[in-house]
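See structure below.
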Amino acid sequence: MPVKPKIPVLIVTGFLGAGKTTFINNLLAQNEGVKIGLIENEFGDISIDSRLIADYSPESIIELNNGCICCTIFNEFAMTLQELIKKHDHLEQLIIETTGIADPGPIIEPFFQDAELNRLFELSGTICLVDAVNFPEHIASPEQQKQIILSDMIILNKASNADSRTLANIRKKLAALNKTAIVTETDYARAESLHLYQLQPDLQDEFVKKLRKPFYCEPENGEFHSFTIRFGGYINEILFRDWFKYFASLHKKDIFRIKGMVNFVNNPLIGIVQSVGGMVSISEGSVHNPYAPLENILVFIGKEISKYQIEKEIQQFLIQEDQPKRQA
């Protein structure tokens, strides 16, 4: 019996009034014919429902507006998603919209931690909608900063309503919080060619490209800061997994996100590593280019974290003294 493929999950977060509802409606219109489940997690009377989605079949939309997912215990959230699959086993994609006033971390973490969710679902990524007009008022909130930090793609909406200096300042602040996310400027929450089946590979490829380019960003005087550690050579995969899981759990209150690419011994595929809230994920990326420099890159975002101490740990525990050749 063939193994059923995992259902890709897209998490949509963003500032209040930034255009999340409009973005999801546009996304559904671009993916007409795909059987999509929608979990809507917004406070208030206005919600996404089939009446707001033009030319889209209502039976493909599942709404679970039963309270704040962010406050739900992992087990309850996992059980809700498992029940969703039992009732709608035809689903091909799942979209989760978070409330605009909360940290999306507790929604992301179960997909890293829960074994059953990991068997059923594959996290495609997190997209954050940012309001270019009201950015200064929103960005002061730690919760809204976390939305940016934990995103793989940032859509800077209402861009035409802001002048060039304002947009440049916003881009600078976004980069200070998340230097690896793709940033797209748009109006009316439109994103071209955002096909759900291709979303995860595209985000991963763009992430790897951004990591490989030198990046310079002026430090910000804020609660969060980020830095990148680069080192050569191959890494023992078992040793790295043990260290990464322990390190992420130990620093879960200080390091909000770790994301990077590593080269494991005797593995031709790049390892894509992530951590959110102390939960870790290690997946296989594209094939390593034999003509490209062999470099491991890890990005850390948090507060009160020591780059020197982390580099010391990496030198002590991870880098192999003897660097074997990668097997084909």
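The values are calculated or read from the model by the stated rules, or taken from the named source; none is laboratory data. Given the structure is predicted, the values throughout are model-derived calculations rather than measurements. Backbone-built Cβ (ideal geometry, glycine too); neighbour counts: all protein chains shown.
Does LEU91 count as assigned to a helix (DSSP H, G or I) and over 20 Å from the mean Cα position of the chain (by Cα)? In short, no. For region 101-144, the set of residues classified as in a loop (DSSP other than H, G, I, E, B), in contact (Cβ under 8 Å) with a residue 60 or more places away in the chain and farther than 19 Å from MET279 by Cβ consists of ILE101, ASN134, listed by residue number.
Please verify whether region 175-190 includes one or more residues that are in contact (Cβ under 8 Å) with a residue 12 or more places away in the chain, assigned by TED's automatic domain parsing to the domain that holds GLY33, among the polar types (S, T, N, Q) and assigned to a strand (DSSP E or B). Checking region 175-190: at least one residue is in contact (Cβ under 8 Å) with a residue 12 or more places away in the chain, assigned by TED's automatic domain parsing to the domain that holds GLY33, among the polar types (S, T, N, Q) and assigned to a strand (DSSP E or B).
Report whether or not ILE149 is surrounded by 18 or more Cβ atoms within 10 Å (Cβ to Cβ), assigned by TED's automatic domain parsing to the domain that holds LEU199 and free of Cβ contacts under 8 Å to residues at least 40 places away in the same chain. When the stated conditions are applied, ILE149 does not pass them.
Yes/no matrix, rows are residues, columns are (1) within 27 Å of PRO106 (Cα to Cα); (2) among the hydroxyl-bearing types (Ser, Thr, Tyr); (3) without any contact (Cβ under 8 Å) to a residue 12 or more places away in the chain:
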{"site": "ASN236", "(1), (2), (3)": "no, no, no"}
{"site": "ARG241", "(1), (2), (3)": "yes, no, no"}
{"site": "ASN266", "(1), (2), (3)": "no, no, no"}
{"site": "HIS288", "(1), (2), (3)": "no, no, no"}
{"site": "LEU298", "(1), (2), (3)": "yes, no, no"}
{"site": "SER306", "(1), (2), (3)": "yes, yes, yes"}
{"site": "LYS312", "(1), (2), (3)": "no, no, yes"}
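Condition check: in a loop (DSSP other than H, G, I, E, B) and crowded, with 18+ Cβ neighbours inside 10 Å. Does SER226 satisfy that?
Working: in a loop (DSSP other than H, G, I, E, B): no; crowded, with 18+ Cβ neighbours inside 10 Å: yes.
So SER226 does not fit the description; no.
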